[in-house]
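Chemist: After the structure tokens below, expect a handful of questions from me.
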Amino acid sequence: MERWVGRVALVTGASVGIGAAITRALVKHGMKVVGCARNVQQIESIRDELKAEKGQLIPIKCDLTKEEEILAMFKQIQKDLGGVDVCINNAGLSHCAPLLSGSTADWKNMLDVNVLGLCICTREAFQQMQKNKVDDGHIILINSMSGHRVIPNAAGHFYSATKFAVSGILEGIRNELQELNSHIRVTSVSPGLVATEFQQRMHKSPEIGKKICSHFKCLEAEDLADAVIYALSAPAHVQVHDILMRPTEQKS
Ligand SMILES: NC(=O)c1ccc[n+]([C@@H]2O[C@H](COP(=O)([O-])OP(=O)(O)OC[C@H]3O[C@@H](n4cnc5c(N)ncnc54)[C@H](OP(=O)(O)O)[C@@H]3O)[C@@H](O)[C@H]2O)c1
């Protein structure tokens, strides 16, 4: 990770869960991390907790469903930090919204955050890297095992479709970077069940969330941070494409 010391990473959804764990790991490795989410206070308290570490955390409030907020954030990153070198598209969510009975508003929200927010951030990050002549940048997509197989659980079918979109987007980005002879790399990490707020937010119930995560030992957010560090640490000629990881006891 030596070559990333002092360079700039954006982590979306840095307030809790996987994004917060990735943020902590990158700051400990000496990166300047811009952490964004709606709940910026939570990122500010992570910043305070990391004060003695090698790198630094810069919290920015950003609702990824609002393109103008994303564009303003990238402007601020260019102005204050000279642009991004690494973009980690982590923010994502699921509503309980089956294909035959779910609400359009829930579907739109998932598309806005999981697909469009990820695409807008990736486009803006790439354009900033190109403008700043950064040819060794890295774009990381936090996908899901649900972007690779559909499990018969109606509540999550639309979410799964947004993650299948991420699998297609990964290949599309890789292709477009190749066409441009760019050395910017793109990697996706696809976990099974991770012990975060994801399930409780999905089911709007901390109890249900905890119960789902209690059937077996889930992945921890830090396991995902380790996978991200692995991809970022790979030598320049190695492009880690997709890391699929399940809890050992997960059946689906
Ligand atoms: N947990 C799992 O089992 C699991 C499994 C596979 C894949 N994943 C993927 O891993 C990623 C992270 O999930 P997690 O488990 O860490 O979930 P989490 O604990 O619920 O955290 C979700 C993060 O996304 C942010 N977010 C949601 N809506 C947003 C919006 N409109 N604008 C900006 N940020 C927004 C949240 O921040 P605010 O609420 O503060 O805005 C929060 O930081 C997601 O892409 C998810 O699909 C999770």
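Laboratory data are not the source of any read-out in this text; all were calculated from the coordinates shown. Everything quoted here is computed from the prediction, not taken from an experiment. Reconstructed Cβ throughout: ideal geometry from the backbone, glycine too, with neighbour counts over all protein chains shown.
Chemist: Let me have the 222 nm mean residue ellipticity of the chain computed from DSSP H runs of 4+ only, each contributing -39500 (n - 2.57), with the sum over all residues rounded to the nearest 500.
Modeler: Per the formula, -13000 deg cm²/dmol.
Chemist: Order these peptides, 108-118, 240-250, by their mean beta-carbon neighbour count within 10 angstrom, highest first.
Modeler: The peptides rank, most packed first, as 108-118, 240-250.
Chemist: On to the next question. Would you mind getting the Kirkwood hydrodynamic radius of the range 146-252 from its Cα pairs, rounded to one decimal in Å?
Modeler: 15.5
Chemist: Measure out, as a whole number of angstrom, how far apart the alpha-carbon centroids of the range 208-252 and the range 8-38 sit.
Modeler: Comparing the Cα centres of the range 208-252 and the range 8-38, I get a distance of 16 Å.
Chemist: Could you quote the convex hull projected area for the range 1-128, Cα atoms only and averaged over all directions, in nm²?
Modeler: If you wrap the Cα atoms of the range 1-128 in a convex hull and average its projections, you get 7.9 nm².
Chemist: Then there is this: What Cys residues in the chain have no fellow cysteine's beta-carbon under 4.7 angstrom?
Modeler: Taking the Cβ cut-off of 4.7 Å, the unpaired cysteines of the chain are Cys87, Cys96, Cys119, Cys121, Cys213, Cys218.
Chemist: Same structure again: Taking the alpha-carbon set of the chain, what are its Rg and Dmax in Å?
Modeler: Expressed in Å, the Cα Rg and Dmax of the chain come to 17.3, 51.
Chemist: Moving to a separate point now. Let me understand the range 82-148 better: what is its radius of gyration from the alpha carbons, and its Dmax, in angstrom?
Modeler: 14.9, 48
Chemist: Something else now. Apply the Kirkwood formula to the range 70-182: the hydrodynamic radius equals the inverse of the mean of 1/r over all pairs of different alpha-carbon atoms; give it in Å with one decimal.
Modeler: After inverting the pairwise mean of 1/r, the radius is 15.2 Å.
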